[in-house]
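Let me begin by presenting the structure, written as structure tokens, before commenting on it.
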Amino acid sequence: AVTTDDHEWDGACHTADGHPVTILANIGSGAEARAAQRSGAPGVGLFRTEFCYLAANEEPDVADQRSAYAEVMSPFAGKPVVVRTLDAGADKPLPFLDAAAEPNPALGVRGLRVAFDRPGIVDRQLEAVAAAAADTGTAVSVMAPMVATAEEASWFAARARAAGIRQAGAMIEIPAAALCAHEILDAVDFVSIGTNDLAQYAFAADRMLGATAGLNDPWQPALLRLVDVLGRAGREHGKPVGVCGEAAADPLLAGVLLGLGATSLSVSTSALPAVGGTLAAHPLAKYREAAQAALPAAGPDQARQRAREMLG
Ligand code: PEP
Ligand code: MG
């Protein structure tokens, strides 16, 4: 068990009335994977593969990618690992995928978009991921970053399935994708909400900018309402809806996300014990009530306050 000042956590998590909650780790390297495993993470909800190649000037070949991914996956043999395909661009430029200079890189050819006229990039990566999964015995799924439409989600899912990967998902980071939740859930096996970018694009507020941090507050009711749309759609389709952005790392907000219908949360290793330890405090119905109280708030402070009154 991992103990922090307030919490003890042994990797398992359930609400006070016994509903299991899956809390996974966000990682980007072998060292982070080993630390997550030592902390008791039962799996990985977001492996940011671009972090393996931030300095690469040329596209790594399949063999190179296979061994890099296997190193990261190996601590999680027999466990679930959600691999995100390369999310290049804007705050995470990759030299070998450098697009032409763009006036607005956050709105440009980034994430999955880089692969539309160069599908070999995603196909070679998927081949390497499938091979690394076989090498390490991990239960791998893949998801694409910056999916905007259901057609893009289908395009990606078909390629993942052709590579022999069982589960294909879409990250929901663009408000248009949240509005097409049903069609996207028809196309893929799961979705994972990237609240960092979803907030940035919903509020037209640069996530890197201190001056717009208030709009990027994950307690903003508009962000919660987008999560609500996705939670409802996930329930209707009977498919998982994860949250892997920073929002999930706030233990109080984690309860609200659960109440909005998130089926798993993925957070950095340092946040695992606090989030994992806190969700056992109340029954699921209480998290749902807190979510319903926070949704119609006038602003983030009020949403937080309402949740704190019910869960605090
Ligand atoms: C997100 O956007 O919330 C996310 C999890 O992806 P990243 O932070 O890597 O953009
Ligand atoms: Mg993102």
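None of the figures in this text is laboratory data; all of them are computed from the coordinates on show. All of these numbers come straight from a predicted model, not from anything done at the bench. Glycine gets a Cβ as well: all are built from the backbone with ideal geometry, and neighbour counts include every protein chain shown.
So the values come out like this:
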item	result
Under 24 Å from Lys286, Cα to Cα: lysines that are on another chain or at least 8 residues apart	Lys239
0 to 90° range, to nearest 10: angle between helix 150-162 axis and the chain longest Cα axis	60 degrees
Region 170-312, relative contact order in percent, only Cα pairs under 8 angstrom and at least six apart counted	22 percent
Peptides ranked, highest mean first, by Cβ atoms within 10 Å: ranges 253-261, 178-186	253-261, 178-186
Crossing angle, helix 62-73 versus the chain [Cα axis fit, 0-90 degrees, rounded to tens]	20 degrees
Aspartates and glutamates with Cα under 17 Å of Lys92, excluding same-chain neighbours fewer than 8 positions away	Glu50, Glu58, Glu59, Glu102, Glu173, Asp197, Asp206, Glu246
Residue list for region 90-121, given a label point 7 angstrom along the Cα-to-Cβ vector of Ala56 and an amide N cut-off under 19 Å	90-100, 110-121
Selected from Asp228, Asp189, Asp91 as most flexible by GNM, with the chain as the system and alpha-carbon contacts under 10 Å	Asp91
In order through region 244-253: 3J(HN,Hα) via Karplus (6.51 cos²θ - 1.76 cosθ + 1.60), integer Hz, x for Gly, Pro	10, x, 4, 3, 5, 7, 8, x, 5, 5
Two-site label geometry, Ala12 and Lys92: point separation in nm, points 7 Å out along Cα→Cβ	3.3 nm
Mean Cα-pair separation over length for region 92-172, i.e. relative contact order, pairs under 8 Å, 6 or more apart, %	29 percent
Ala101-Ala285 pseudo-label distance in nm [points 7 Å out on the Cα-to-Cβ vector]	6.2 nm
Projected label distance in nm at Glu183 and Gln305, using a 7 Å step from Cα toward the beta-carbon	4.0 nm
The chain, relative contact order in percent, only Cα pairs under 8 angstrom and at least six apart counted	19 percent
